[in-house]
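Reading through the structure tokens given below for one structure.
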Amino acid sequence: MASQQITQRKQQVTPELQNQYSTYKNGLQQIAQKIGDVEQEAEEHKLVLETLDPLPGDRKCFRMINGVLVERTVQDVVPALKTNSEGLRKVLEDLVKQYNAKQTEMEKWKKKNNIQVVQQ
């Protein structure tokens, strides 16, 4: 009987541990969402660059800047797109590092507190 009560206590999760787990899980989900958004934007930049690449530099094109459609030439737009694309790639790398660090931190916390997630 006493061992059964000890087993039940071990299986009960305190609200504090539950809150910490939820915090970790939500943090990981937020970072994953940001990663998805940045990946999508980087893919869009890549498609635009692939489209503009074969075109002559003096050809007219349009670019949306702060909600305003601006007329430019291909040679003006491509360097800005490349710079933006590189920036997005760096942001993506940083987000992946953050995600991995947070995941490692969560795994250490789970191991320290002997947490086992049960899927229902």
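Quick notes
- Leu95 over 16 Å from the mean Cα position of the chain (by Cα), part of a helix (DSSP H, G or I) and modelled with pLDDT of 95 or more: no
- Residue in the range 100-115 that is under 28 Å from Glu44 (Cα atoms) and either free of Cβ contacts under 8 Å to residues at least 40 places away in the same chain or aromatic (Phe, Trp, Tyr) (or both) present: yes
- Gln33 modelled with pLDDT of 95 or more, out of contact with any Ser or Thr (no Cβ under 7 Å at 6 or more places or on another chain) and not in a loop (DSSP other than H, G, I, E, B): yes
- Taking residues in the range 78-92 that are at negative phi, and partners anywhere that are of a type in the set (Ser, Thr, Tyr), not one pair has Cβ atoms closer than 8 Å while being at least 6 places apart or on different chains.
- Residue match in the range 50-70 (condition: among the polar types (S, T, N, Q) and in contact (Cβ under 8 Å) with a residue 24 or more places away in the chain): no
- The residue of the range 89-120 that is farthest from Gln30 (Cα to Cα), among those that are of a type in the set (A, V, I, L, M) and surrounded by 10 or more Cβ atoms within 10 Å (Cβ to Cβ), is Ile115.
- Among all residues of the range 100-114, there is at least one that is in contact with a Lys or Arg (Cβ under 9 Å, 6 or more places away or on another chain) and assigned to a loop (DSSP other than H, G, I, E, B).
The values are calculated or read from the model by the stated rules, or taken from the named source; none is laboratory data. Not measured: the values here are computed from a predicted model. Cβ sites come from the backbone with ideal geometry, for glycine too, and all protein chains shown count toward neighbours.
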